[in-house]
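Okay, so here's the structure we're looking at.
The values are calculated or read from the model by the stated rules, or taken from the named source; none is laboratory data. Keep in mind that what you see is a predicted model, and the values were worked out from it rather than measured. Glycine also receives a Cβ, built like all others from the backbone with ideal geometry; neighbour counts cover every protein chain displayed.
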Amino acid sequence: MTRAELVRFGLSNRLGTFTMRCLRIFASQDGESHFGEVDIPTTITPLFPNEAPFAISAQYPASRIRFVQIPAGVNEAGWHTPPGRVLAVWLDGIVEFETSDGERRHVSAGGFVLVEDTYGKGHISRHPEEGQLMILISLPDGLDLSSG
C-alpha cells in the first residue's frame with residue numbers, strides 16, 4: 001500500500017504491521033467526556049483469489065446493528081450518552097462532536113467513532129441541515145478493540 005492509501009484509510013504502518021486508527025469518545029471517572037484514539041491491529045491477508053491482499057483486523061463480536069436516518073432539520077443532539085457502547089459509522093455528510101471538556105472533532109462520511117461515554121455528561125453531536133445516514137453497531141461490554 002502506498003503512503004497516500006494508508007493515510008486515506010486511517011492506517012499506519014509500523015515495522016510492517018498495519019493499524020487502523022479509530023476515534024473514541026469516553027468518560028473519565030469524574031463523568032467528563034473526552035476524545036481519544038484506539039489503534040486496531042490488522043494483518044495483510046489475501047481475501048479474494050488473484051487480488052491484492054487487504055489489511056484485515058481480527059473479528060470482533062457485535063450484538064446488534066441499527067440503520068439510522070437523522071431527519072433534516074435536526075442540527076444538534078444536545079448533551080447525551082449512548083444507551084451502550086457503540087461503533088457509529090457515518091454514511092454521508094460531516095458530523096461534529098463536542099465533548100464536555102470543550103474539544104470538538106469532525107467526522108466525514110465513511111468515518112467511524114467508538115462511542116463509550118455511557119455515563120456522565122455525555123457529548124453533543126451536530127449534523128447537516130439536510131439530515132444524515134449512519135449505522136450503529138452495538139458492542140458488548142468489556143470488548144477491547146485494540147487487542148483483537
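So which of 42, 81, 99, 118 is β-branched (Val, Ile, Thr), touching a Pro at 6+ places or on another chain (Cβ under 8 Å) and surrounded by 15 or more Cβ atoms within 10 Å (Cβ to Cβ)? Break it down stepwise before answering.
Working: 42 fails: touching a Pro at 6+ places or on another chain (Cβ under 8 Å); 81 fails: touching a Pro at 6+ places or on another chain (Cβ under 8 Å); 99 fails: touching a Pro at 6+ places or on another chain (Cβ under 8 Å).
Exactly one residue qualifies, and that residue is 118.
Take the conditions more than 12 Å from residue 139 (Cβ to Cβ), surrounded by 13 or more Cβ atoms within 10 Å (Cβ to Cβ) and aromatic (Phe, Trp, Tyr) and apply them to residue 67. Does it pass? No: the conditions fail for residue 67. Checking the stated criteria, residue 52 turns out not to satisfy the condition of being more than 27 Å from residue 100 (Cβ to Cβ), touching a residue at least 12 places away in the same chain (Cβ under 8 Å), of a type in the set (A, V, I, L, M, F, W, C) and surrounded by fewer than 12 Cβ atoms within 10 Å (Cβ to Cβ).
Among the residues of region 95-109, is there at least one that is assigned to a loop (DSSP other than H, G, I, E, B), modelled with pLDDT of 95 or more, under 12 Å from the mean Cα position of the chain (by Cα) and closer than 28 Å to residue 41 by Cα? Show your work before the answer.
The initial filter retains those residues of region 95-109 that are assigned to a loop (DSSP other than H, G, I, E, B), namely 100-103, 109.
Filter once more, so that each one left must be modelled with pLDDT of 95 or more: 100-103, 109.
From what is left, the residues that are under 12 Å from the mean Cα position of the chain (by Cα) are 109.
Next, from what is left, pick out any that are closer than 28 Å to residue 41 by Cα: 109.
Scanning region 95-109 turns up at least one residue that is assigned to a loop (DSSP other than H, G, I, E, B), modelled with pLDDT of 95 or more, under 12 Å from the mean Cα position of the chain (by Cα) and closer than 28 Å to residue 41 by Cα.
In region 61-73, how many residues are in a loop (DSSP other than H, G, I, E, B) and either at pLDDT below 95 or touching a Leu at 6+ places or on another chain (Cβ under 6 Å) (or both)? The qualifying residues number 3. For region 1-54, taking the residues that are over 18 Å from residue 121 (Cβ atoms) and aromatic (Phe, Trp, Tyr), the one that is modelled with the highest pLDDT is identified as 48.
Kindly establish whether residue 87 is within 19 Å of residue 25 (Cα to Cα), surrounded by 15 or more Cβ atoms within 10 Å (Cβ to Cβ), in contact with a strand residue (DSSP E or B) (Cβ under 9 Å, 6 or more places away or on another chain) and at pLDDT below 90. Talk me through it step by step, then tell me what you get.
Values: within 19 Å of residue 25 (Cα to Cα): yes; surrounded by 15 or more Cβ atoms within 10 Å (Cβ to Cβ): yes; in contact with a strand residue (DSSP E or B) (Cβ under 9 Å, 6 or more places away or on another chain): yes; at pLDDT below 90: no.
It is false that residue 87 is within 19 Å of residue 25 (Cα to Cα), surrounded by 15 or more Cβ atoms within 10 Å (Cβ to Cβ), in contact with a strand residue (DSSP E or B) (Cβ under 9 Å, 6 or more places away or on another chain) and at pLDDT below 90.
Of all residues assigned to region 112-131, none qualifies as being within 16 Å of the chain's Cα centre (by Cα), among the charged types (D, E, K, R) and more than 19 Å from residue 26 (Cα to Cα). The set of residues in region 121-137 that are in a loop (DSSP other than H, G, I, E, B) and out of contact with any Ser or Thr (no Cβ under 6 Å at 6 or more places or on another chain) comprises 127, 128, 129, 130, 131. Screening residue 113 with (1) closer than 21 Å to residue 135 by Cβ; (2) of a type in the set (Val, Ile, Thr); (3) surrounded by fewer than 16 Cβ atoms within 10 Å (Cβ to Cβ) gives one miss only, at (3).
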